Amino acid sequence: MAMENTSEVSDILSERCRQRFLNKPQPEIDRASDCERRPYDRETNPKGFIRLSLSENHLCDDIIKEKLEDPKHHVIESWMLQYCDNRGTLKLRQAVADYLTMKTKSSKPVSAEHISILNGAESVITTLTYIICDPGDGFLIPAPCYGGINVGLTADMTRVGEVKPVYAYLQSQVNFDAGEKRPFQLTVDRLETALRKARDEGINVRGLFLINPHNPLGDIYPAEVIMDCLHFAHRNSLHVVIDEIYMGTIFKPDNSFTSVLNLHDLPDPQRTHLIWGFSKDFGLAGFRCGVLHSKNSKLHEAVDYLAYFNVVSSHTQNLLAEFISDHEWINNVFFPTNHQRLRESHQCISDGLTKLGIPHLHRSAGLFIWADFRLYLPQPSFEEELSLERRFEKAGVGISAGSRFDCGEPGWFRIVFAHPINVIETALERMGKVIEEIKKEICGDEFEAFKGLDGLCSGGFENVVAGSAAGLGSLIEGAVPGKDSDNLDDLVTLFQNQVKTSDWLRENTAEKWIQENEELFAEYQAAANK
């Protein structure tokens, strides 16, 4: 008999399942029409919804499809009709090992014996935490981090293994005294603080999770930072899981990346594990294929047992093995095209946010940009942050609130820019209308008068302080023009933010300025109207 409603389903499930799967909050999206529920298309559905919240790369669908449509990728062989190794076919594991050796420039060839293949990176995370941890154990995670309501890092850890996330909160305000140089900088000091707090609370922390390049910040961690974290983990007997699924999305040519596979003298190789996959670098999220690299043979034995529930189809594995073995096409066609398109889309979203007066981090990797909307929250709360997210959704644009990434500060949003330019421009136009509505609400009756001044209400206030902020570049230790431009841009953004959110600005409102400087305001208004 068919089950008519959720309550009937709930009656046959255990309390454990009901608590885990049936009572999860769902994101609220209120759109006006069926037209707007369907995706945006400039020609066929110009009023459609633009989803910039999902980390997918839509920029190279054309060349990927052309490559995969090659008939040689679709030959059916007899072995594909049978069960395969739970950890993946030897053909694909060897192809992935060869690719990782090439891509990471590893001094030693990566071994296929150190590779396991599962149906997605999330399955890898779930399986790893289930093996490493007992229920109630903790995993240390720098936050913000990849996440969400029903999916994401914390869900991957908790849905099966019942692991507690232990957050090491990174902050937008740079602590120069602690040696920080940029907002949300990962340091061992922050990891140690979070670990001590967790242990004081009786949590048995078993591992450290790192994402490099980072989601959602876009940071690329230098080798010395990774090694510092590995030594910290070794001192505290922690496993380290390093997610490098964005290693191929570094779109600025002057930025280097060091994989953990190319680090020498690891302090604890048996407890150092790498995650990679096809979904981000190649835009193949729908193929559901994640990769685990570990030199721990016992770990792979456990993975082999659990991977029975996470096997990738033999045909898909064969297709991906053929695809990833063509290093010439990957290096000379795909990555140059992908990186060029990522640069163009990133520049478009960065320029658009700047025009809207939205500060953001200047990074060189990933498919997303981390933007600061704190000025547009009536109150600094996560409730107001989600309210702003819903306002954008009603305007036809989906971007992700920072709370979905376990950010400790309300007001930050992740915006995925790996879309064609026309899509980004339309999204920015819709976002701009929401921003203008909020400015009107903040400035009230004086909005129209101030709009022409490019002043406090129009977001141009940051231009007043930009010159002064640029002078702070000398505070960055060893800064080199060009090489450390991301650090300098971040510092300028930070300074602008601090001015905009300072007590002085809160006390000296536009209304107060009008009341106390009527003659000066009249002169500015006359000049602006010329």
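The values are calculated or read from the model by the stated rules, or taken from the named source; none is laboratory data. Predicted model, so just to flag it, every value in this text is computed and none were measured. Methodologically, a virtual Cβ is constructed for each residue, glycine included, from the backbone with ideal geometry; neighbour enumeration extends over all protein chains shown. Each accessible area value is taken on the protein alone, full model and side chains, heavy atoms only, with ligands, DNA and RNA left out. Shrake-Rupley method; radii C 1.70, N 1.55, O 1.52, S 1.80 Å.
Please verify whether V434 is touching a residue at least 60 places away in the same chain (Cβ under 8 Å) and open to solvent by less than 10 Å² (accessible area, probe 1.4 Å), treating the condition exactly as stated.
Details: touching a residue at least 60 places away in the same chain (Cβ under 8 Å): no; open to solvent by less than 10 Å² (accessible area, probe 1.4 Å): yes.
Taking the combined requirement at face value, the residue does not satisfy it.
Quick test for you: out of C84, C133, pick the one residue that is touching a residue at least 60 places away in the same chain (Cβ under 8 Å) and touching a helix residue (DSSP H, G or I) at 6+ places or on another chain (Cβ under 7 Å). Full working, then the answer.
Numbers: C133 fails: touching a helix residue (DSSP H, G or I) at 6+ places or on another chain (Cβ under 7 Å).
Result: C84 is the single residue among C84, C133 that is touching a residue at least 60 places away in the same chain (Cβ under 8 Å) and touching a helix residue (DSSP H, G or I) at 6+ places or on another chain (Cβ under 7 Å).
Just to be sure, is I324 open to solvent by less than 10 Å² (accessible area, probe 1.4 Å), among the β-branched types (V, I, T) and touching a Gly at 6+ places or on another chain (Cβ under 8 Å)? Full working, then the answer.
On the way: open to solvent by less than 10 Å² (accessible area, probe 1.4 Å): yes; among the β-branched types (V, I, T): yes; touching a Gly at 6+ places or on another chain (Cβ under 8 Å): no.
Against the criterion (open to solvent by less than 10 Å² (accessible area, probe 1.4 Å), among the β-branched types (V, I, T) and touching a Gly at 6+ places or on another chain (Cβ under 8 Å)), I324 does not qualify.
How do the pairs read when you match residues in segment 217-244 that are without any contact (Cβ under 8 Å) to a residue 40 or more places away in the chain with residues anywhere that are basic (K, R), using Cβ under 7 Å and keeping only pairs 6 or more apart or on different chains?
V240/R271
Would you say L208 is open to solvent by less than 40 Å² (accessible area, probe 1.4 Å), hydrophobic (A, V, I, L, M, F, W, C) and in a helix (DSSP H, G or I)? Working first, answer last.
On the way: open to solvent by less than 40 Å² (accessible area, probe 1.4 Å): yes; hydrophobic (A, V, I, L, M, F, W, C): yes; in a helix (DSSP H, G or I): no.
It is false that L208 is open to solvent by less than 40 Å² (accessible area, probe 1.4 Å), hydrophobic (A, V, I, L, M, F, W, C) and in a helix (DSSP H, G or I).
Just one of (1) aliphatic (A, V, I, L, M); (2) modelled with pLDDT of 65 or more; (3) in contact with a Gly (Cβ under 9 Å, 6 or more places away or on another chain) trips up I29, so point out which.
(2)
Of all residues in segment 402-427 being crowded, with 24+ Cβ neighbours inside 10 Å and among the small types (G, A, S), which is nearest to R38 (Cα to Cα)?
A427
Show the residue pairs meeting these rules: Cβ distance below 6 Å; 6+ apart or different chains; first residue within segment 392-418 and part of a helix (DSSP H, G or I); second residue of a type in the set (A, V, I, L, M) and at pLDDT 95 or above.
Close Cβ pairs satisfying both conditions: F392/I399; F392/V434.
Among the residues of segment 344-370, which ones are among the polar types (S, T, N, Q) and crowded, with 21+ Cβ neighbours inside 10 Å?
Taking segment 344-370 and keeping what is among the polar types (S, T, N, Q), we get 345, 347, 350, 354, 364.
Within segment 344-370, S345, S364 meet the criteria.
Residue check: is F251 among the aromatic types (F, W, Y), surrounded by 15 or more Cβ atoms within 10 Å (Cβ to Cβ) and closer than 18 Å to I132 by Cβ? Full working, then the answer.
Working: among the aromatic types (F, W, Y): yes; surrounded by 15 or more Cβ atoms within 10 Å (Cβ to Cβ): yes; closer than 18 Å to I132 by Cβ: no.
It is false that F251 is among the aromatic types (F, W, Y), surrounded by 15 or more Cβ atoms within 10 Å (Cβ to Cβ) and closer than 18 Å to I132 by Cβ.
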